[in-house]
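Data first, discussion second: the structure below is written as structure tokens.
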Amino acid sequence: MGPTVDDARDRARGFWDAADFDASLNAALEGLDSAPDDVELLVLAGRAGVEVDADDAVEHLRRATELAPDNAGAWHHLGEALAAEGATEEAETAFRRAVELDPDDQLAITHLGHTALAAGRRDEGVGYLARAADIAHAASSASISLVDMYRSMGQYEDALTQARRVAEATPEDTIAWLDVAELSLQTGQLDEARAAFERLRELDEIPGHEAYPLHGMIQVEVARERWEPAGDLVDQAAAIDPLGLSIVLAAFLREQTGEPAEGDTDESAPAPTRDEVDAVLAGSLGDYRRMLADDRLLRGGDLVG
């Protein structure tokens, strides 16, 4: 007696779980030879086919939804396959059907949010992401995306509220704390901003990153117009500053305190303005964010799905 359909499913699932997508696809196709209308094998063949760029991956998933039109998972996976092919409108239709059948499918709702945003329907996209974030855990991809979406819309208080949720859920994630720090600074919540930058100093032990949280703390003290604490931080940053910003910052602080520079003459260059200092510090934090994002990619991508 040859392998049964159940055997084929077990083999295809086992290979899928082991991330051996070629073997998973082959096992599913072998099972489909004797059971061409088996929905689970069609879904497995489609999902594995997407991973190995098989030409008929979408067709397997289409067939699964035709045979089982109330199978939310089949519609979800069809949406992902269509999205991978760049068929955005068809993918959106599939995701909508998945959510109709399973209103708690936060990943399908997240996909709907991103497709709406890609189509320029910003409010609808943010609405979907907010719905997904409410269903999912606070460190889900929907929650993280929502921080960026609110920030891009100028809704900084909403972005900060969401960033706090993410940081609480992923207390070791440096990007989450940088979000809290920058958004707190942007909304004038300076004590929280200072504490978040201090948290970054504790978390980030990567050589070459030491000065960046200090630059954020300096920006907080400049916003408070507390020149002495700002000067102490500039002194700390001077020895480890990879961008040479400490010279600019020190010149600005001397202007605020009336302290002459050593060897100062009437022909000395004018001190930088507050706007110039803010721009310099903001640029430093932008560089820092890119470095943290690159480091996350090297460690295997986002912390959450």
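The values are calculated or read from the model by the stated rules, or taken from the named source; none is laboratory data. Note that this is a predicted model, so its numbers are computed, not measured. All Cβ positions, even for glycine, are placed from backbone atoms using ideal geometry, and neighbour counts span all protein chains on display. Just so you know, the surface numbers come from the protein's heavy atoms only, side chains and all, with ligands and any DNA or RNA stripped out. Shrake-Rupley method; radii C 1.70, N 1.55, O 1.52, S 1.80 Å.
Tell me the relative contact order for the stretch 1-99 as a rounded percent, counting alpha carbon contacts under 8 Å between residues six or more apart.
Working: 141 pairs, mean separation 18.6, N = 99.
Result for the stretch 1-99 is 19 percent.
Could you tell me the relative contact order of the stretch 131-231? Use alpha-carbon pairs under 8 Å, at least six residues apart, and round to a whole percent.
Details: 109 pairs, mean separation 17.2, N = 101.
About 17 percent, as a whole number.
Under 9 Å from the Cβ of Ala230, count the other residues' Cβ atoms, weight Lys and Arg +1, Asp and Glu -1, and hand me the total. Walk me through the intermediate numbers first.
Numbers: positive: Arg224, Arg226; negative: Glu221, Glu225, Glu228, Asp232.
Net of charged neighbours comes to -2.
By how many degrees, between 0 and 90 and to the nearest 10, does the Cα long axis of helix 174-186 differ from the longest principal axis of the chain?
Compared with the principal axis, the helix lies near 50 degrees.
Can you give the calculated 222 nm mean residue ellipticity of the chain, where each DSSP H run of n ≥ 4 adds -39,500 (n - 2.57) and the sum is split over every residue, rounded to the nearest 500 deg cm²/dmol?
So the helix-based figure for the chain works out to -23500 deg cm²/dmol.
About its Cα centre, how strong a charge dipole does the chain have in debye, to the nearest 20, once Lys and Arg get +1 and Asp and Glu get -1 at the Cβ?
Numbers: 25 positive and 64 negative charges, 101 e Å.
Computed charge dipole of the chain: roughly 480 debye.
At most 14 other C-beta atoms within 10 Å and a DSSP loop state: those are the exposed trypsin sites (Lys or Arg not before Pro) I care about. Give me the longest piece of the chain that has none. It would help to have the intermediate numbers written out before the result.
Numbers: sites that count: Arg121, Arg226, Arg299.
Result for the longest clean stretch: 1-120.
Can you give me the relative contact order of the chain as a percent, contacts being Cα pairs under 8 Å and 6 or more apart? Before the final figure, lay out the partial values.
Values: 383 pairs, mean separation 22.9, N = 305.
Reported relative contact order: 8 percent.
Accessible surface of Ile247 in the full protein assembly, 1.4 angstrom probe, to the nearest 10 Å²?
Ile247 has an accessible surface of roughly 130 Å² with all protein chains in place.
Select from the stretch 153-261 those GluC sites (Glu not before Pro) which occupy a DSSP coil region and have at most 16 other Cβ atoms within 10 Å, ordered by residue number. Working shown, then result.
Values: sites: Glu157, Glu168, Glu172, Glu182, Glu192, Glu198, Glu202, Glu205, Glu210, Glu221, Glu225, Glu255; in loops: Glu172, Glu205, Glu210, Glu225.
Those satisfying the criteria are Glu172, Glu205, Glu225.
At a Förster distance of 25 Å, what's the computed FRET efficiency of Thr4 paired with Leu67, Cβ-Cβ distance as r, to 0.05? Write down the numbers at each step before the final one.
Values: r = 19 Å, r/R0 = 0.77.
So the FRET efficiency works out to roughly 0.85.
Just to confirm a number: summing +1 for Lys and Arg and -1 for Asp and Glu over residues other than Glu202 whose beta-carbon lies under 14 angstrom from that of Glu202, what do you get?
Details: positive: Arg194, Arg199, Arg201; negative: Glu172, Asp173, Glu198, Asp204, Glu205, Glu210.
Once all neighbours under 14 Å are counted, the net charge is -3.
Can you work out the FRET efficiency for the pair Asp102 and Ile240, with r the C-beta to C-beta distance and R0 = 51 Å, to the nearest 0.05? Please report the intermediate quantities before stating the final value.
Working: r = 51 Å, r/R0 = 1.01.
Given R0 = 51 Å and the Cβ-Cβ separation, E is 0.50.
Among (1) 39, 24, 16; (2) 34, 22, 17; (3) 53, 20, 15, only one was calculated for this model; which label is it, if the read-out is semi-axes √(5λ) of the Cα gyration tensor in Å?
Step by step, semi-axes √(5λ) of the Cα gyration tensor in Å for this structure corresponds to label (3).
Gap in Å between the Cα centre of the stretch 1-71 and the Cα centre of the stretch 95-115?
23
For every other residue with a beta carbon closer than 10 angstrom to the beta carbon of Val50, add +1 if it is Lys or Arg and -1 if Asp or Glu, then tell me the sum.
On the way: positive: Arg47; negative: Glu51, Asp53, Glu80, Glu85.
With Lys, Arg at +1 and Asp, Glu at -1, the net is -3.
Between 0 and 90 degrees, rounded to the nearest ten: what's the tilt of helix 211-224 against the longest Cα principal axis of the chain?
Computed tilt is about 60 degrees.
Under the 0.36 nm per residue contour assumption, what length would be gained going from the current alpha-carbon distance of Asp56 and Arg13 to full extension? Walk me through the numbers before you get to the answer.
Numbers: separation 43, 0.36 × 43 = 15.48 nm, distance 1.89 nm.
Full extension from Asp56 to Arg13 adds 13.6 nm.
Taking the dipole about the Cα centre of the chain, with the C-beta of Lys and Arg at +1 and of Asp and Glu at -1, give me whichever of Ala130, Ala251, Leu185 is farthest to the positive side.
Ala130
What nm value, rounded to one decimal, do you get for the distance between Glu228 and Arg122 when each label is placed 7 Å out toward the C-beta?
4.5
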